[in-house]
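Everything on this sheet refers to the single structure shown next.
The values are calculated or read from the model by the stated rules, or taken from the named source; none is laboratory data. None of the values given here were measured: they were computed from a predicted structure. All Cβ positions, glycine included, derive from the backbone under ideal geometry; neighbour counts span all protein chains shown.
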Amino acid sequence: AAAITDRLYRPDEDELLLALGIGFTNIVARPTRRADELTRDEIRDGAAMLREKITRYRPAVMAYTGIGVYRWLRGSSRPTWGVQPEAVVPGTVDLVLPSPSGLNRMTFGELVEHYRQVVPFLER
C-alpha cells in the first residue's frame, strides 16, 4: 500500500528485498509481545550492536519502526515522526516511522502515509 516495492512480498521472501536495497534487523532478536518485556541490558546491548551494524554497512537511510526504538538508540532525545535532524551514525539519514504493531492506534491509512516517506530514498 505504501508503494515501497513493486509487489507484495511474503515473509519467506524477505531475502529477495536485499536486491532492492532493503534489509531488516532488530535491536533484540528474542520475540516478545510488547517492547516493555525487554530488559534494560537487552536494549543496551542490542542498541550497541545496531550502531555497529549501521557503521559497518553504511545504509543511505535507516527506517526505525517505532519511536521507542529510536529513543533507545538516541538516549534522551525526543524524536518526531519522519527524518531526524541528526543521525545515530553520521552519513546515514534516520527516518522514524510508527510501529506497524496492532497496539499502535494509527489507522492503516495513516501508517501508509508515514511509510511512503521511504520511497524517495529507494529511488536514489
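If you filter region 13-57 down to residues that are among the hydroxyl-bearing types (S, T, Y) and not in a helix (DSSP H, G or I), you find that the one that is modelled with the highest pLDDT is T39. Before we move on, is L103 aliphatic (A, V, I, L, M) and either in contact (Cβ under 8 Å) with a residue 40 or more places away in the chain or closer than 29 Å to D6 by Cα (or both)? Here the answer is yes, as L103 does meet what is asked.
Of all residue pairs spaced 6 or more apart or on separate chains, those with beta-carbon atoms under 6 Å, a first member in region 2-14 that is within 19 Å of H114 (Cβ to Cβ) and surrounded by 10 or more Cβ atoms within 10 Å (Cβ to Cβ) and a second member that is of a type in the set (K, R) and modelled with pLDDT under 90 are A2/R116.
Exactly one residue among P85, P79 is without any contact (Cβ under 8 Å) to a residue 12 or more places away in the chain and at negative phi, and that residue is P85. If you go through region 46-66 and keep only what is buried (at least 17 other Cβ atoms within 10 Å of the Cβ) and of a type in the set (A, V, I, L, M, F, W, C), you end up with A47, L50, I54, V61, M62, A63.
Of everything in region 18-42 that is under 14 Å from V118 (Cβ atoms) and within 15 Å of the chain's Cα centre (by Cα), the residue that is surrounded by the most Cβ atoms within 10 Å (Cβ to Cβ) is I22.
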